[in-house]
Amino acid sequence: VQLQASGGGLVQPGGSLRLSCAASGSIFRIDTMGWYRQVPKKQRELVAILTIGGRTNYADSVKGRFTISRDNAKNTVYLQMNSLKPEDTAVYYCYANRPLTSTDYWGQGTLVTVSS
């Protein structure tokens, strides 16, 4: 499974960005897809995940500002980020999981910088 993320960039505080992540390859029985983020010297943390059945889980810090969605026909997951704050600055990694084989997949990361 290959995960190709896009949509990062520089945005001012209060602005919006939309991240996309397309899965390709052997995507049979991919269940959860979503996003994690990481800043230097800190552990990677969950941002938002979405199961194929529609269950979501958001980090408390992004609830009400970020929305995760998924197009199963296109094997693509999106993260709409609104009201961005400087503390949202991080490298955002796309994530997918295949429970059948207990395998996690990661994309290459896309940098989001929130700064004036």
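Ranking Lys85, Lys42 from most to least accessible surface, computed with a 1.4 Å probe over the protein chains only, gives Lys42, Lys85. For the chain, modelled as a GNM whose springs connect Cα atoms under 10 angstrom apart, the maximal fluctuation among Asn97, Asn72, Asn82 occurs at Asn72.
Using the Cβ-Cβ distance between Lys74 and Thr103 with R0 set to 25 Å, the FRET efficiency from 1/(1 + (r/R0)^6) comes to roughly 0.75. Inverting the pair-averaged 1/r between distinct Cα atoms of the range 15-116 gives 13.9 Å as its Kirkwood hydrodynamic radius. Hull volume per residue, based on the alpha-carbon atoms of the range 37-94 and their convex hull, is 84 Å³.
Give the separation of the Cα centroids, the range 63-77 to the range 84-116, in Å. Spelled out, the Cα-based centre of one part sits 13 Å from the other. Across the range 1-53, counting alpha-carbon atoms alone, Rg and Dmax equal 13.4, 39 Å. Under the simplified labelling scheme, the Arg65-Lys85 pair shows an inter-label distance of 0.5 nm, with each label point 7 Å from Cα along Cα→Cβ. Distance between the pseudo-spin-label points of Ser24 and Thr51 (7 Å out from Cα toward the beta carbon): 3.0 nm. Shown in residue order for the range 97-109 are the 3J(HN,Hα) couplings computed by the Karplus curve 6.51 cos²θ - 1.76 cosθ + 1.60 at θ = phi - 60°: 9, 10, x, 4, 10, 6, 10, 9, 10, 10, x, 7, x Hz (x for Gly and Pro). Figure note: Glu45, Glu87 ranked by solvent-accessible area, largest first, 1.4 Å probe, ligands and nucleic acids not counted: Glu87, Glu45. The listed residues Leu19, Leu100, once ranked by accessible area (1.4 Å probe) with the largest placed first, stand as Leu100, Leu19.
Cross-link partners for Lys41 among the lysines, with Cα-Cα distance under 22 Å and sequence neighbours closer than 8 places in the same chain left out: Lys85.
The values are calculated or read from the model by the stated rules, or taken from the named source; none is laboratory data. The structure displayed is predicted, hence computed values, not measured ones. With ideal geometry, Cβ positions are generated from the backbone for all residues, glycine too; neighbour counts draw on all protein chains shown. The accessibility values were calculated without ligands, DNA or RNA, using every heavy atom of the protein model including side chains. Shrake-Rupley method; radii C 1.70, N 1.55, O 1.52, S 1.80 Å.
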